[in-house]
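A.B. asks: One structure coming up, written as structure tokens, with questions to follow.
The values are calculated or read from the model by the stated rules, or taken from the named source; none is laboratory data. Remember, it's a predicted structure, so these values are computed and weren't measured experimentally. Neighbour counts are summed over all protein chains in view; Cβ atoms, including those assigned to glycine, are modelled from backbone coordinates with ideal geometry.
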Amino acid sequence: MSERFSQAVIAHRWLVIFTTLLICLPLGFGVKFLTISQESRDMFGPKNPQLRAFEELEETFTRVENIFFVLAPKEGDIFTPETLLVIENLTEEAWTTEYVNRVDSVTNYQHTVADNDDLLVDKLIPSAENLSVQDLDRIRTIALNEPLILNRLVSEDGRVAGINIDLHFDGEEDQAVKKANWAWAKKDQLLRDYDWLNVYVTGSTIISASFAETGLRDVKTQTPLMYIFVITLMVILLRAISGVIAIVVTTFLTLVSAMGLAGWLGLSLTPISSNIPVIILTVVVAHGIHLMVAYYQGLRKGSDKNTSLVESIIANLQPIFLTSVSTAIGFFSLNVLADVPPIQQVGNIVGFAVCLAFFLSLTFLPAFTSVLPNRVGLSPSRSESFMETFADWVIRNRNGLLVGTSLTAIFLMSLAPLNVVSDQFSKYFAEGTPIRTDTDFTDENLGGLYRIEYSLDTKKSQGVTDPEYLNTVEKFAQWYREQEHVTHVNTYTDVLKQLNQRLNSNQKEYYKVPETKELSSQYLLLYELSLPLGLDLNNMLSFDKSASRMIVSLPSLKTYEFIEIQERAKNWLKENSPDLFQEGSALSLMFTHIGIRTMLGGVKGAFLALFLITIALMISFRSIKMGLVSVLPNLLPGATGFGVWYLLSGEVGFSLAMVLGITMGIVVDDTVHFLTKYLRARETRSPEDAVRYAFSSVGVALAITTLVLVVGFSMLGISDFKMNSDPGYMVGIVITIALLFDFLLLPPLLINFDRFIYRHAKSG
């Protein structure tokens, strides 16, 4: 059957080539419909509980994105006419730009002063020009003692100021990127115009735009670089230009077909799924290498071109089928991670590409190779000779290798659980990148990049003026202020406390919420009537005054630290105000929770993939024992890889969740190819000679494909985005370990336990 199929492919080579192009090219046209998502929340599935809570909060208080400018004089503090004038001008300019809902800074902060029974509300700094020393001292004293802006718009030491710009987009494409580009240009202008001033810019809009920019940049740089490296490697290792051309063309057709299908389906790539081209190029090239190595081995033994191609297809049909099945299962298993659509995209698109590559590798690749000129010599390969020598060394030292590799695996696996799950979205970008530098500076000096937000709902109109409700909110806010790490708590009760104090002769004992509903309502009305347009309380109170917003700001924290404080807050609400109970929400909270859930999902997906792959191998080898033996070298690399990761980093994020599933499918490939050759030889040879044959026939191909895979995935490591770079490095580590186990552990297992394994395999 396989022989007739192989001969038909070569005999009808031109029909195979044209049919392939007829199918792949129309699919490829869909690439033009691909887009890069500009929305960071596209990382989350629609059923994500933190996302749904966040969207409910936005429905109450309107969805708001923000840009946050941070200004820090190189000498002195911000309370100079020069610095305050820059802040004032930037504040006023921001108001005039599109999509802006609100701008808050120290210069336009609405400071309240009581004049008998009248409440006067005005800018803290009506004009930054011509300020006297006395004016500056007064402004500094007020700003550094004002809880509404301290550690939010002004640092405690007075050396750093923030300007927050709230934005509202209407859903049109590129609005976030357009606004981010304005912010980056403004930052560059300020740095040029004021060499005595440091300027930083961050915020949700900047981070979302950086996600999109990073994804697009990675697509433009990684894919060409990967092609260059892989082509160079194959030329060096295969020593045959025609074979390299055939593999590259086949891989390219697979890539454009898979990406084109994604385009036809209307998928929008995220920074995570933007690495799909590199993954496809890396994974599917392995099929071609195995076919070409077998093809050139035949040529070097004296067979003609067509005979060598037919023999290569026959020899590789079963292992390529099995490796395609295992790799596809590994990627499709990522659908378990329903909370992270981008990871599902990676699994589905690459899984499709692997399936397509299986057919193209066994049809188009040999057909196309047969029409290319061939100039391969007949001399024996040095690498094959090396493999024979290496096989002898492994056989002689099999007992020591069995013990050594087992102990090493046990040690590294014991380290894997020590990794700490940590998803700090501010740390997704590499150190030294502008977004990371600016975000870190903001976090260190003003804090508040991480938030927990609450919509504390009374369920009745004007309920926010009820004294019992206000006291509960104030107690909750005070509890948060007493917690470690909390840098600022922004709540409506702070406004009422300040108003109560101002309208009672500024006496300290009146810095508390009003005692009656009537008084609270009166203060609120008086205050709102005094506020300028755009700086009202609609960002803190719902339209019907039934709910108020509380924003808790924290610095960048480890996952367990963030979740711990959230859990303590939930317990406080349960015990003290069950009617107001909720989990809290925020984009940062979404990233924090998804890390743990995704890692657990990744483990489930990996075990599902392992189970399905094991069943497939048992069926193919017609042996339960052989299927189980093949699992061991494939189960160990992932676990030991995370042990190595602990030694290198010690922190894992949700981007690494897909590594187990991906590698579970990929690392099986080497084992399948080795076992296929071993079992074929074992029919007529001893276990030792069968191992020698496996090394000599497929060892070179395994080494080449592993090197290509490691280099390919390492290309992801050049990304400034850790969601891409970390998985790239991790997959490279796991694949390297897998080859070592296949070379150093699998052969000793096959030889030492032959009587328990092979007899069953042969009879099964």
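A.B. asks: Considering each of S273, S303 in turn, give the residue that is polar (S, T, N, Q), closer than 30 Å to A11 by Cα and either modelled with pLDDT of 80 or more or not assigned by TED's automatic domain parsing to the domain that holds L739 (or both).
C.D. replies: Answer to the selection: S303.
A.B. asks: State which residue is nearest to S155 (Cα to Cα) when the search covers only the range 449-483 and only residues that are surrounded by fewer than 18 Cβ atoms within 10 Å (Cβ to Cβ) and free of Cβ contacts under 8 Å to residues at least 60 places away in the same chain.
C.D. replies: Filtering first and then ranking leaves R481.
A.B. asks: Y469: over 14 Å from S546 (Cα atoms) and part of a helix (DSSP H, G or I), yes or no? Reasoning before the result, please.
C.D. replies: On the way: over 14 Å from S546 (Cα atoms): no; part of a helix (DSSP H, G or I): yes.
Against the criterion (over 14 Å from S546 (Cα atoms) and part of a helix (DSSP H, G or I)), Y469 does not qualify.
A.B. asks: Collect the residues in the range 1-54 that are under 39 Å from the mean Cα position of the chain (by Cα), of a type in the set (G, A, S) and buried (at least 19 other Cβ atoms within 10 Å of the Cβ), keeping them in residue-number order.
C.D. replies: G28, G30, S37, S40, A53 - these are the residues of the range 1-54 that are under 39 Å from the mean Cα position of the chain (by Cα), of a type in the set (G, A, S) and buried (at least 19 other Cβ atoms within 10 Å of the Cβ).
A.B. asks: Take L529 and decide whether it is over 41 Å from the mean Cα position of the chain (by Cα), surrounded by 15 or more Cβ atoms within 10 Å (Cβ to Cβ) and assigned to a helix (DSSP H, G or I). It would help to see each step written out before you state the result.
C.D. replies: Values: over 41 Å from the mean Cα position of the chain (by Cα): yes; surrounded by 15 or more Cβ atoms within 10 Å (Cβ to Cβ): no; assigned to a helix (DSSP H, G or I): yes.
It is false that L529 is over 41 Å from the mean Cα position of the chain (by Cα), surrounded by 15 or more Cβ atoms within 10 Å (Cβ to Cβ) and assigned to a helix (DSSP H, G or I).
A.B. asks: So which of E59, E92 is without any contact (Cβ under 8 Å) to a residue 12 or more places away in the chain and within 36 Å of the chain's Cα centre (by Cα)?
C.D. replies: Details: E92 fails: within 36 Å of the chain's Cα centre (by Cα).
Result: E59 is the single residue among E59, E92 that is without any contact (Cβ under 8 Å) to a residue 12 or more places away in the chain and within 36 Å of the chain's Cα centre (by Cα).
A.B. asks: Can I ask one more? Output the residues belonging to the range 512-521 that are of a type outside the set (V, I, T) and either surrounded by fewer than 16 Cβ atoms within 10 Å (Cβ to Cβ) or in a loop (DSSP other than H, G, I, E, B) (or both).
C.D. replies: Scanning the range 512-521 gives K512, P514, E515, E518.
A.B. asks: Could you list all residues from the range 447-458 that are at pLDDT 90 or above and not in a strand (DSSP E or B)?
C.D. replies: Selection gives T458 alone.
Here's the yes/no breakdown for (1) of a type in the set (A, V, I, L, M); (2) more than 40 Å from the chain's Cα centre (by Cα); (3) at pLDDT 85 or above; (4) within 30 Å of R217 (Cβ to Cβ):
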residue	(1), (2), (3), (4)
D339	no, no, no, yes
S379	no, yes, no, no
F390	no, no, yes, no
T408	no, no, yes, no
M413	yes, no, yes, no
V421	yes, no, no, yes
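A.B. asks: Out of D188, D218, D174, D195, which single residue is at pLDDT below 85, surrounded by fewer than 17 Cβ atoms within 10 Å (Cβ to Cβ) and not assigned by TED's automatic domain parsing to the domain that holds P277? Reasoning before the result, please.
C.D. replies: On the way: D188 fails: at pLDDT below 85; D218 fails: surrounded by fewer than 17 Cβ atoms within 10 Å (Cβ to Cβ); D195 fails: at pLDDT below 85.
Only one candidate passes the filter, namely D174.
A.B. asks: Would you call D392 within 30 Å of A703 (Cα to Cα), assigned to a helix (DSSP H, G or I) and among the charged types (D, E, K, R)?
C.D. replies: Working: within 30 Å of A703 (Cα to Cα): yes; assigned to a helix (DSSP H, G or I): yes; among the charged types (D, E, K, R): yes.
Yes; evaluated as a whole, the condition is true for this residue.
A.B. asks: F352: under 30 Å from the mean Cα position of the chain (by Cα), more than 24 Å from A240 (Cβ to Cβ) and crowded, with 24+ Cβ neighbours inside 10 Å, yes or no?
C.D. replies: Taking the combined requirement at face value, the residue does not satisfy it.
A.B. asks: How many of the residues in the range 316-331 are more than 12 Å from M664 (Cβ to Cβ), within 30 Å of the chain's Cα centre (by Cα) and hydrophobic (A, V, I, L, M, F, W, C)?
C.D. replies: 2
A.B. asks: Give all pairs with beta carbons closer than 6 Å in which a residue from the range 413-424 that is charged (D, E, K, R) meets a residue that is not in a helix (DSSP H, G or I); count only pairs at least 6 apart in sequence or on separate chains.
C.D. replies: D423/G653
A.B. asks: Still on this structure, please answer the following. Looking at the range 551-564 only, could you name the residues that are assigned to a helix (DSSP H, G or I) and surrounded by 21 or more Cβ atoms within 10 Å (Cβ to Cβ)? Steps first, please.
C.D. replies: Keep residues of the range 551-564 that are assigned to a helix (DSSP H, G or I), which gives 559-564.
Across the range 551-564, the qualifying residues are T559, F562.
A.B. asks: List the number of the failed condition for L57; all other conditions in (1) assigned by TED's automatic domain parsing to the domain that holds D166; (2) of a type outside the set (F, W, Y); (3) closer than 28 Å to I206 by Cα hold.
C.D. replies: Unmet for L57, out of (1) assigned by TED's automatic domain parsing to the domain that holds D166; (2) of a type outside the set (F, W, Y); (3) closer than 28 Å to I206 by Cα: (1).
A.B. asks: Of the conditions (1) within 20 Å of V711 (Cβ to Cβ); (2) surrounded by fewer than 22 Cβ atoms within 10 Å (Cβ to Cβ); (3) outside the structural domain of V16 (by TED's automatic domain parsing), M234 clears all except one; give me its number.
C.D. replies: Among (1) within 20 Å of V711 (Cβ to Cβ); (2) surrounded by fewer than 22 Cβ atoms within 10 Å (Cβ to Cβ); (3) outside the structural domain of V16 (by TED's automatic domain parsing), M234 violates only (2).
A.B. asks: So is T363 out of contact with any Lys or Arg (no Cβ under 9 Å at 6 or more places or on another chain), polar (S, T, N, Q) and within 27 Å of F18 (Cα to Cα) or not?
C.D. replies: Values: out of contact with any Lys or Arg (no Cβ under 9 Å at 6 or more places or on another chain): yes; polar (S, T, N, Q): yes; within 27 Å of F18 (Cα to Cα): yes.
In short, yes.
A.B. asks: Take F753 and decide whether it is in contact (Cβ under 8 Å) with a residue 40 or more places away in the chain, more than 30 Å from S422 (Cα to Cα), surrounded by fewer than 21 Cβ atoms within 10 Å (Cβ to Cβ) and not acidic (D, E). Walk me through it before giving the result.
C.D. replies: Working: in contact (Cβ under 8 Å) with a residue 40 or more places away in the chain: yes; more than 30 Å from S422 (Cα to Cα): yes; surrounded by fewer than 21 Cβ atoms within 10 Å (Cβ to Cβ): yes; not acidic (D, E): yes.
So F753 passes the test.
A.B. asks: Could you identify the single residue in D544, D579, D536 that is assigned to a helix (DSSP H, G or I) and over 34 Å from the mean Cα position of the chain (by Cα)? Steps first, answer last, please.
C.D. replies: Values: D544 fails: assigned to a helix (DSSP H, G or I); D536 fails: assigned to a helix (DSSP H, G or I).
None of the other options fit; the residue is D579.
A.B. asks: A further question on this structure: Answer with yes or no whether K47 is on the phi < 0 side of the Ramachandran plot and part of a loop (DSSP other than H, G, I, E, B). Steps first, answer last, please.
C.D. replies: Values: on the phi < 0 side of the Ramachandran plot: yes; part of a loop (DSSP other than H, G, I, E, B): yes.
Against the criterion (on the phi < 0 side of the Ramachandran plot and part of a loop (DSSP other than H, G, I, E, B)), K47 qualifies.
A.B. asks: Scanning the range 256-288 for residues that are hydroxyl-bearing (S, T, Y) and in a helix (DSSP H, G or I), which turns out farthest from D720 (Cα to Cα)? Even if it seems obvious, please write down each step before you answer.
C.D. replies: Initial filter on the range 256-288 (hydroxyl-bearing (S, T, Y)): 257, 268, 270, 273-274, 282.
Next, from what is left, pick out any that are in a helix (DSSP H, G or I): 257, 273-274, 282.
Numbers: S257: 28, S273: 15, S274: 13, T282: 20 Å.
Per the criteria, the residue is S257.
A.B. asks: Is one or more of the residues making up the range 490-511 touching a residue at least 60 places away in the same chain (Cβ under 8 Å), part of a loop (DSSP other than H, G, I, E, B), within 35 Å of the chain's Cα centre (by Cα) and within 25 Å of E583 (Cβ to Cβ)?
C.D. replies: No - not one qualifying residue is present in the range 490-511.
A.B. asks: Here's another thing I want to ask about it. Quick one: in the range 291-304, of everything that is in contact (Cβ under 8 Å) with a residue 24 or more places away in the chain and buried (at least 18 other Cβ atoms within 10 Å of the Cβ), which residue is farthest from V668 (Cα to Cα)?
C.D. replies: The extreme case among them is L299.
A.B. asks: Please find, among V249, V256, V283, the residue that is within 23 Å of G330 (Cβ to Cβ) and surrounded by fewer than 24 Cβ atoms within 10 Å (Cβ to Cβ). It would help to see each step written out before you state the result.
C.D. replies: Values: V249 fails: within 23 Å of G330 (Cβ to Cβ); V283 fails: surrounded by fewer than 24 Cβ atoms within 10 Å (Cβ to Cβ).
Checking each option against the conditions leaves just V256.
A.B. asks: Ok, one more. Among the candidates L524, L589, L573, single out the residue that is among the aliphatic types (A, V, I, L, M), over 23 Å from Y469 (Cα atoms), in contact (Cβ under 8 Å) with a residue 40 or more places away in the chain and not in a strand (DSSP E or B). Show your work before the answer.
C.D. replies: Working: L524 fails: over 23 Å from Y469 (Cα atoms); L573 fails: over 23 Å from Y469 (Cα atoms).
Residue meeting the stated conditions: L589.
A.B. asks: What pairs come out if I take residues in the range 330-349 that are outside the structural domain of G601 (by TED's automatic domain parsing) and over 20 Å from L610 (Cβ atoms) and pair them with residues that are modelled with pLDDT under 80 and among the small types (G, A, S) whose C-beta lies under 6 Å away, six or more apart or interchain?
C.D. replies: Once the first residue is outside the structural domain of G601 (by TED's automatic domain parsing) and over 20 Å from L610 (Cβ atoms) and sits in the range 330-349, its partners that are modelled with pLDDT under 80 and among the small types (G, A, S) give D339/G45; P341/G45; P342/S273; Q345/S273.
A.B. asks: I would also like to ask the following. Of the residues A209, A183, A246, which is touching a strand residue (DSSP E or B) at 6+ places or on another chain (Cβ under 6 Å), in a helix (DSSP H, G or I), touching a residue at least 24 places away in the same chain (Cβ under 8 Å) and of a type in the set (A, V, I, L, M)?
C.D. replies: A183
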